[in-house]
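None of the figures in this text is laboratory data; all of them are computed from the coordinates on show. As the structure is a computational prediction, the values presented were derived from the model and not from experiment. Neighbour counts are summed over all protein chains in view; Cβ atoms, including those assigned to glycine, are modelled from backbone coordinates with ideal geometry.
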Ligand SMILES: CSCCC(=O)C(=O)COP(=O)(O)O
Ligand SMILES: [Mg+2]
């Protein structure tokens, strides 16, 4: 029986276009100014020290161009987005079906957690400043690439251990089949979000749902609005 829902963000709770056309350009445009303003900040210096190559800023820009899910980049993006979420220039996009289902699952006693390549700080900003309001009280766990990469089975075993939950009680939701394969290899239940508006291709290896109410029906979760 499922006791915990572990959800991805991009392509699952939120539009791929929001991440790629709003969040990523916001960070790219603000990167130089942010690094200049924070050049004496030891936290920023420590992140830059994790970036390989003779020109860390060039490496970061290359990672941005290729959407590399490198932990130092994801950490910096989260730090840059913070000002935008706090002053209202950014608001976390959620598909309209998401918040009602998260609320219903939480009210029915399911535990909710997030696993995204976006940093934990960024995850909290998105759900704390979402189009549906502050959803942070619904969640009791946040995991990013510091636990491991999303296409590696060991990451899901580590998350199950951190949550203190048998892997078979955790339902992982994602649009990316390689992530679902990795989760299944560690014994998690899985469901692929195949959202038409995101153009996701069904992989045929996991349960497939176009939205969160369909996840509820397919995976035996409590009924949702
Ligand atoms: C505020 S979370 C931003 C999402 C992000 O940076 C990203 O790379 C998306 O990764 P996901 O694992 O959610 O698909
Ligand atoms: Mg995704």
Within region 28-72, the residues whose backbone N lies under 19 Å from a label point placed 7 Å from the Cα of residue 83 along the Cα-to-Cβ direction are 28-48, 57, 61
How much of the calculated P(r) for region 18-87 lies past 17 Å, in percent of all Cα pairs? 36
Testing the spin-label approximation: label points 7 Å from Cα along Cα→Cβ at residue 207 and residue 103. State their distance in nm. 2.3
Where a ≥ b ≥ c are the square roots of the eigenvalues of the C-alpha gyration tensor, would you call the chain rounded, which needs a/c under 1.5, or, failing that, prolate if a/b is larger than b/c, or oblate? prolate
Could you tell me how many degrees, from 0 to 90 and to the nearest 10, lie between the Cα long axis of helix 24-37 and the main elongation axis, the longest principal axis, of the Cα atoms of the chain? 40
Over the chain, the sum of -39500 (n - 2.57) across DSSP H runs of at least four, divided by residue number and rounded to 500 deg cm²/dmol, gives at 222 nm -13000 deg cm²/dmol
Tell me the angle of helix 153-163 to the major Cα principal axis of the chain, expressed in degrees between 0 and 90 and rounded to the nearest ten. 80
Does anyone have the angle between helix 71-87 and the longest principal axis of the chain? Alpha-carbon axes, 0 to 90°, nearest 10? 90
